[in-house]
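The values are calculated or read from the model by the stated rules, or taken from the named source; none is laboratory data. All values reported here derive from a predicted model rather than from experimental measurement. Cβ coordinates were reconstructed from backbone atoms using ideal geometry, including for glycine residues, and neighbour counts include every protein chain displayed. We work out accessible area using only protein heavy atoms, side chains counted, and drop any ligands, DNA or RNA first. Shrake-Rupley method; radii C 1.70, N 1.55, O 1.52, S 1.80 Å.
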Amino acid sequence: MTFKRMTRGARLSFARLSLFGGGKRLPAAPVHTMRDLWPGDPVAGAQLTRGSLTWAGYTHPVGPGRWDAPEFEPAFREGLLGFRWLRDLRAVGTDAARLKARALVDDWLHHPAQHPIAFECGVIGARVSAWLGHYDFFAASASDSFRQRLMARLLVEGRTIAAIMPPEQHGWQSLTALKGLLAVAVAMPEYTGLLARYRRYIDAEVESQILPDGWHVARSPEVQLRALRELAEMRAMMQAVQHALPHSVALALDRMSPVLRAMRHGDGGLALFNGSHERSAGLIEMVLSQATRTRVVAHNMPDGGFVRMQAARSLLLVDAGIPAPAGFDRNAHAGTLSFEFSCARQRLIVNCGGGVLPAWKDALRQTAAHSVVVVEEMSSSEFAHDGTVARRPTHVGVEHAVAGGAHWVTLSHDGYHASAGATYYRRLYLGADGEVLRGEETLEGERALAFVLRLHLHPSVTAVDARDGSVLLGAGEQHWRFRAAGGVVAIEESVYCGGQSPRASLQLVVRVDPAASPPEEAGTVAHEAARREAARTGGPASGGAGLPDMGPGMVRQVVRWALQREKILLLT
């Protein structure tokens, strides 16, 4: 056992001495109370009053004495023990809901869970924040003995977080832990060591997670939302007690908010990269309003590795980065160079999302669940049994140019080099009017390979074969036509997991069979003609950034496609 673990164990033992306060008297109630900032779900709250909780896609009966029920899945257990569902009971607003909340908290105070998840710093932070954020709802009118037990437990939990710091595993949950520590410090200002402990670790934790351009290192819009929400709550607490906000938190709020705005489609929801869900547009707006007063949208995000292109009412978002580094990669997807495209409030081309249940999460991490090329049914990144990324691209190339309102972007990655000896190039063009999106998918390697271009459609989009080789897409009042050259086009089934449950959808598929479509070989007449055409159409000036010349013996396979909005006149 290392010295660090020994001292940490000693600090934990000291923390759990509930009333050992160094001579200080335990306050009868929080000195400062902060109401939880976020809305609850009254439907979920009503279900909970009847004794059942739905969390992370699972539903189980809950109640006194069931904190350690063996049948609870880890994700469900984490939600149950974090007490965030108190806001759902508050949303119901009845006396029955208030008494239910009080009974559950009181049972915990008498018989707390002993499962290891209950002692994770992020879960403790969520729990004490929920208790203090809903104190007026379930505790203010309770008996003196109940409030005394609650305050004693809050002190223990706060000291436990302080003892655990710094956490062994980092992520947005460690921000939740520090938020909980701050909440207890604000509620019990006489215990000055708690606030000192918060200030000691918050700067390093924020700086390790937030990149210079404002992206969270996990590269997930959903994690971006969660981390920003935790920091916004810290800001609200500090403002309530008129304390100076740590500079790292203030800077992170200013940098992260424009990034979160940049990753919203016209419907207000999040883009589905790296395990994200759409989430409520109202909640996202509330988080942003608590985080900053400005409405700046990030356009340049080189550290996070995303490209945002807007033309008129159309929006193109591209994942142009390497999956998250070790320690932050358990939800990373093999979606390098995938994109999402929307026009006004209508999503058109999407990724499949993040899923909720583990089986869906694992399947949706694969490259095939993204709008990008899949080579020989492999993924551009591979995952280990523990969920971390075992193999990922080592280099991603990005060149973005804008002229006259139109956008060109040339991208590449080497994620298929180790497995198939190939480099993948993608070029995208978005017209200035936002009504033309063109793409070129290129695979370059030592041999011809079978590959598939998959463009997943939002469930609200219909697709019909036009019998002339094109596909007509219907999206509300919008109509688009898709064409492709270099492969066989088909319409296939897909799935969309942007919400809490999967929804059936469609995908446009362009399959390339090297036996049926001979690739371009370096030095041939066909190759030279294709190279000149690529240079002519590739960029805003004399062609811009095209593909590099091939070396001897290399082959290049190309699929070109276009999505164009149709002008359909209704005659009366």
- request: State which residue is farthest from THR423 (Cα to Cα) when the search covers only the stretch 445-460 and only residues that are open to solvent by 20 Å² or more (accessible area, probe 1.4 Å) and over 28 Å from the mean Cα position of the chain (by Cα).
  value: ALA450
- prompt: In the stretch 483-511, what residues are assigned to a strand (DSSP E or B) and more than 29 Å from the chain's Cα centre (by Cα)?
  reply: ARG483, ALA484, ALA485, VAL488, VAL489, ALA490, ARG511
statement: the stretch 61-152: helices (runs of 4 or more DSSP H) wholly inside it with 3 or more residues that are more than 27 Å from the chain's Cα centre (by Cα) and crowded, with 22+ Cβ neighbours inside 10 Å are 95-110
task: May I ask you to list the residues in the stretch 316-362 that are modelled with pLDDT of 95 or more, farther than 12 Å from HIS456 by Cβ and small (Gly, Ala, Ser)?
output: ALA320, GLY321, ALA324, ALA332, ALA334, SER342, ALA344
field: Residue among LEU288, LEU357, LEU245 that is over 30 Å from LEU508 (Cα atoms) and surrounded by fewer than 22 Cβ atoms within 10 Å (Cβ to Cβ)
entry: LEU245
message: Considering only residues that are surrounded by 24 or more Cβ atoms within 10 Å (Cβ to Cβ) and in a loop (DSSP other than H, G, I, E, B), which ones fall in the stretch 333-353?
response: HIS333, ALA334, GLY335, THR336, LEU337, SER338, ASN351, CYS352
Hits in the stretch 153-170 - residues which are out of contact with any helix residue (DSSP H, G or I) (no Cβ under 6 Å at 6 or more places or on another chain) and crowded, with 24+ Cβ neighbours inside 10 Å: LEU155
message: If I ask for residues that are among the hydroxyl-bearing types (Ser, Thr, Tyr) and under 19 Å from LEU437 (Cα atoms), which ones from the stretch 462-521 would you list?
response: THR462, SER470
- prompt: Among the residues of the stretch 425-481, how many are in a loop (DSSP other than H, G, I, E, B) and under 21 Å from VAL373 (Cβ atoms)?
  reply: 9
query: Looking at (1) within 30 Å of ASN300 (Cβ to Cβ); (2) in contact with a Lys or Arg (Cβ under 9 Å, 6 or more places away or on another chain), which is the one condition that is false for GLN209?
result: (2)
- prompt: Can we say GLU285 is under 22 Å from GLN500 (Cβ atoms), in a helix (DSSP H, G or I), at pLDDT 95 or above and not aliphatic (A, V, I, L, M)?
  reply: yes
Residue identified as of a type in the set (Lys, Arg), within 27 Å of GLN114 (Cα to Cα) and in contact (Cβ under 8 Å) with a residue 40 or more places away in the chain among ARG84, ARG66: ARG84
